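So the structure is just underneath, and the comments pick up after that.
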Amino acid sequence: MSSSTTENAVEGIRYALDGADGIVTLTLDMPGSANVMNAAYGAAMGAAVDRLERERDSVRGVIITSAKKTFFAGGDLTVLIGVTEDNVEEFLAGLDAIKAQFRRLEQLGVPVVAALNGSALGGGWELALACHRRICLDADHVRIGLPEVTLGLLPGAGGVTRMVRLLGVAAALPLLAEGRQLRPAQALRAGLVHELAADHDDLLARARAWLLEHPDAAVQPWDQPGHTVPGFRIDDPDTRQLLVAAPAVLHKKTRGAVPAPEKILSAAVEGALVDFDTALAIERRYFRELVTSQVAKNMIGTFWFQLNEVKSGRSRPAGVERRLTRKLGVLGAGMMGAGIAQVSAQAGIDVVLKDVSEQVAAKGKDGIAARLDRRVEQGKLDARQRDEVLARIHPTGSDADLAGCDLVIEAVFEDRDLKGRVLSAAEATALPDAVIASNTSTLPITGLAAAVPAPDRFVGLHFFSPAHRMPLVEIIRGERTSDATLARAFDYVTQIGKTPIVVNDARGFYTSRTFATYITEGIAMVAEGVHPALVENVARKAGMAVGPLAVCDEVTLTLPLKIRQQTLADLADAPDSAGSTGPRGLTDHPAFDVLELMVTELGRPGRSGGAGFYDYPADGPKRLWPGLVERFTRPEAGVSEQDVRDRLLYAQALETLRCLDEGVLTSVSDANVGSILGLGYAPWTGGTVQFVNSVGLAEFVDRADYLADTYGERFRPPASLRERAARGERF
Ligand code: NAI
């Protein structure tokens, strides 16, 4: 900086005037790890804007940048989660002041540049929108976007109003209502940022150069005379088409399960029809409704606070040094094994991909190559990165190649004897202290450990399908799994960028066992005569990622039958070894008659077999099999939509509570996060346990008792829940 620079900090915002060229640089450096929008920020920015206005005559331009890794992280969630009807007006008054600062900045009369040195999300992007030019560092860690919708909110600091005026309703909607986050190059293409910078010096140099060259560029597009929302004219057929189609398109994506997207659409469209200040008032009204809603509390609580707690390693044994995996062996190059190999190689780990022969393993690698090619086509990966990932994957048919592996994950067929054989062979070849893991989705880990000479180094690493995309991994601690092994399993899961939850061993662990209740409940309703389309639609409308019949087709109808067979055999051998309610859910359920009939008599084993609850015509999308209705559906079955919904949501919530009771789950955070990321449980609920909280424990107990009286004892709430409800406590 030149010698004539004057600099001082206004509580977290550095204000530096370069006397030589009249450029002021505001550097955001609020206390804490990131800049967030809260009262302290409001005060600091207010003081900075006051000073800019006072000294305007000596200011030729303003650069806003940040001293943190991110430019600005967004709203302060510790504040947002506490906003209620009682304090919302006070909260909104603070927000109004920040919005007024944005307005003062863009109407200061000198040009303002946002020099985005890192991610600008939510409120941070709203600040950037209030600048006349946005220049963005072109780096891997940078993301631009408005993720409020994923927390049940809308961008309430002018984000809806300015995005609509910048891009038009049609182009702004996907960013506002889906919360898409863009990389710098995508943000440039989308017209959100004006130029990219190669590094930090380049960023500030470009900002300065633009300001000096454009001293008059101090008017926002929406403040230009005659400005209209791009592509939006009420007398224009395209606009009318958009107004008719947008709610349906949005509904298809969100199924109406969460209120925020619809309110965003309303705010965008209503705001497009009026002047800027009225649009802000409309945005404020919708934001107020959302910020006080239970759904926003659920989503902020789980997707932010609990997710961070889970990721931060609350369940990782303390005192074990973090150790990264360098060479991974994957046994089985099928659907799961190939996915695990892919994500691991993407994280820089060398992978030995072993199957029955090198040819079979190579087929698994071919599948990975095809997926990576698609990512290259979509511009999400460059060709060099693809080649590097593929070069790390070594297909083989020989155990000898597992030499030097510090982690081995088994993903062969779900057959205990086979698993035992491949696990012990791998252990004999891998490093002497290697961690040995199984990706079994149902077999108890402690039982499998018997095949491994060193059971303290054995652990469950349960991935979800498709493994290269699903964000969760369930780590299962067997009776003899050591702390060091558990910690290394945890470190590996975070190394590959996934979210780990840690559970104790039981049949079906937490996720498979709970998910089974969803599938079997859906099938039970079909058996009772409920129309299958109603079951599927209500499930999706309730926010579940996939309907229970569709998901059963994916995992195959034979899988629950096989699991039941295995469970019954194990129970006969050792009645105490099988966990408590797991077997009841898995073996004694009205769904099994339907499954038997579908598989053995009707030859409809699921999607991979060409037919299941759905037909899979070669020339079109899947359709529910009409025979299902003919065989089962009875108009007099008379289960209300509300009951269908509650049976699906309550069955999973109740099984989760049993897992907590039995110590399979050791934390509510693991339960909530795992249910949404692993089971596709309705996100608006905040997860299976938060769902119970938000219904209210006493009401949940009453409703579960009603379901138990009407549909079966599997809905009877556990005694621990009744007691907790009686004490007036929550989870
Ligand atoms: P898959 O049938 O696609 O793949 C299994 C692979 O194991 C095949 O490529 C097969 O050739 C290979 N294999 C068989 N014997 C072998 C041996 N002796 N040595 C090396 N490889 C051998 O099965 P998928 O779906 O990948 O499942 C694998 C495991 O993952 C199972 O334990 C399953 O329960 C579990 N799992 C499956 C999920 C799913 O959604 N499919 C989800 C989570 C876990």
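The values are calculated or read from the model by the stated rules, or taken from the named source; none is laboratory data. What you see is a predicted model; the values in this text were computed from it and never measured. Reconstructed Cβ throughout: ideal geometry from the backbone, glycine too, with neighbour counts over all protein chains shown.
For segment 487-502, state whether one or more residues are within 16 Å of the ligand (Cβ to nearest atom), under 21 Å from Leu331 (Cα atoms) and hydroxyl-bearing (Ser, Thr, Tyr). So far as segment 487-502 goes, no, none of its residues is within 16 Å of the ligand (Cβ to nearest atom), under 21 Å from Leu331 (Cα atoms) and hydroxyl-bearing (Ser, Thr, Tyr).
Residues being surrounded by fewer than 23 Cβ atoms within 10 Å (Cβ to Cβ) and within 13 Å of the ligand (Cβ to nearest atom): count how many of those fall in segment 427-439. Walk me through how you get there before you give the answer.
We begin by selecting, within segment 427-439, every residue surrounded by fewer than 23 Cβ atoms within 10 Å (Cβ to Cβ); these are 427-429, 431-433.
Now restrict to residues that are within 13 Å of the ligand (Cβ to nearest atom): 429.
Number of matching residues: 1.
Filtering Ala451, Ala467 for residues that are crowded, with 18+ Cβ neighbours inside 10 Å, within 11 Å of the ligand (Cβ to nearest atom) and assigned to a loop (DSSP other than H, G, I, E, B) leaves a single hit, Ala467. Take the conditions (1) in contact (Cβ under 8 Å) with a residue 12 or more places away in the chain; (2) away from the ligand (no atom under 16 Å from the Cβ); (3) surrounded by fewer than 20 Cβ atoms within 10 Å (Cβ to Cβ); (4) not basic (Lys, Arg); Thr558 misses just one of them, which is (2).
All conditions in (1) closer than 30 Å to Gly627 by Cα; (2) more than 22 Å from the chain's Cα centre (by Cα) hold for Gly543, with the sole exception of (2). Under 30 Å from Arg183 (Cβ atoms), in contact (Cβ under 8 Å) with a residue 40 or more places away in the chain and either basic (Lys, Arg) or in contact with a His (Cβ under 8 Å, 6 or more places away or on another chain) (or both): does that describe Val351? Criteria met by Val351.
Here is a list: Ala177, Ala187, Ala172, Ala114. Which entry is at negative phi, in contact with a Phe, Trp or Tyr (Cβ under 8 Å, 6 or more places away or on another chain) and not aromatic (Phe, Trp, Tyr)? Spell out the reasoning first.
On the way: Ala177 fails: in contact with a Phe, Trp or Tyr (Cβ under 8 Å, 6 or more places away or on another chain); Ala187 fails: in contact with a Phe, Trp or Tyr (Cβ under 8 Å, 6 or more places away or on another chain); Ala172 fails: in contact with a Phe, Trp or Tyr (Cβ under 8 Å, 6 or more places away or on another chain).
Step by step, each of Ala177, Ala187, Ala172, Ala114 is checked, and only Ala114 is at negative phi, in contact with a Phe, Trp or Tyr (Cβ under 8 Å, 6 or more places away or on another chain) and not aromatic (Phe, Trp, Tyr).
Which of the residues belonging to segment 446-501 are of a type in the set (A, V, I, L, M), out of contact with any Pro (no Cβ under 6 Å at 6 or more places or on another chain) and touching a residue at least 40 places away in the same chain (Cβ under 8 Å)? Lay out the reasoning, then the answer.
Quick first cut of segment 446-501, residues of a type in the set (A, V, I, L, M) only: 448-452, 454, 459, 461, 467, 470, 472-473, 475-476, 484, 486-487, 489, 493, 496, 501.
Cutting the leftovers down to out of contact with any Pro (no Cβ under 6 Å at 6 or more places or on another chain) gives us 448, 450-452, 454, 459, 461, 467, 470, 472, 476, 484, 489, 496, 501.
Scanning segment 446-501 gives Leu461, Ala467, Met470, Leu472, Ala484, Ala489, Ile496, Ile501.
You will find that of Ile23, Ile13, the residue that is touching a strand residue (DSSP E or B) at 6+ places or on another chain (Cβ under 8 Å), buried (at least 17 other Cβ atoms within 10 Å of the Cβ) and more than 18 Å from Leu212 (Cα to Cα) is Ile13 and no other.
Residue by residue, here is whether (1) in a loop (DSSP other than H, G, I, E, B); (2) in contact with a Cys (Cβ under 7 Å, 6 or more places away or on another chain); (3) without any contact (Cβ under 8 Å) to a residue 60 or more places away in the chain holds:
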position	(1), (2), (3)
Val219	yes, no, no
Trp222	no, no, no
Pro225	yes, no, yes
Phe232	yes, no, no
Asp235	yes, no, yes
Gln241	no, no, yes
Pro247	no, no, yes
Lys252	no, no, yes
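Among all residue pairs at least 6 apart or on different chains, which show Cβ distances below 7 Å where the first residue, located in segment 19-33, is of a type in the set (Gly, Ala, Ser) and the second is part of a loop (DSSP other than H, G, I, E, B) and modelled with pLDDT of 95 or more? Here the result reads Gly22/Val59; Gly22/Arg60, each pair linking segment 19-33 to a residue that is part of a loop (DSSP other than H, G, I, E, B) and modelled with pLDDT of 95 or more.
Examine segment 34-52 for a residue that is at pLDDT 95 or above and loosely packed, with under 14 Cβ neighbours inside 10 Å, and state whether such a residue exists. Yes: one or more hits.
For (1) closer than 30 Å to Leu290 by Cβ; (2) of a type in the set (A, V, I, L, M); (3) surrounded by 15 or more Cβ atoms within 10 Å (Cβ to Cβ), each residue gets a yes or a no:
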| residue | (1), (2), (3) |
| --- | --- |
| Gly610 | no, no, no |
| Phe632 | no, no, yes |
| Leu649 | yes, yes, yes |
| Gly686 | yes, no, yes |
| Val689 | yes, yes, yes |
| Ser694 | yes, no, yes |
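State which residue is farthest from the ligand (Cβ to nearest atom) when the search covers only segment 401-420 and only residues that are β-branched (Val, Ile, Thr) and crowded, with 24+ Cβ neighbours inside 10 Å. Here the residue is Val408. Within segment 189-220, the set of residues being surrounded by fewer than 19 Cβ atoms within 10 Å (Cβ to Cβ) and closer than 20 Å to Gly145 by Cα comprises Arg189, Ala190, Gly191, His194, Glu195.
Among the residues of segment 286-306, none qualifies, meaning not one is assigned to a loop (DSSP other than H, G, I, E, B), free of Cβ contacts under 8 Å to residues at least 40 places away in the same chain and surrounded by fewer than 17 Cβ atoms within 10 Å (Cβ to Cβ).
Reported count of residues in segment 20-60, each being farther than 24 Å from Asp96 by Cα and in a helix (DSSP H, G or I), is 2. From the list Ala345, Ala333, Ala361, Ala338, the lone residue that is surrounded by 21 or more Cβ atoms within 10 Å (Cβ to Cβ), among the small types (Gly, Ala, Ser), more than 10 Å from the ligand (Cβ to nearest atom) and touching a residue at least 24 places away in the same chain (Cβ under 8 Å) is Ala345.
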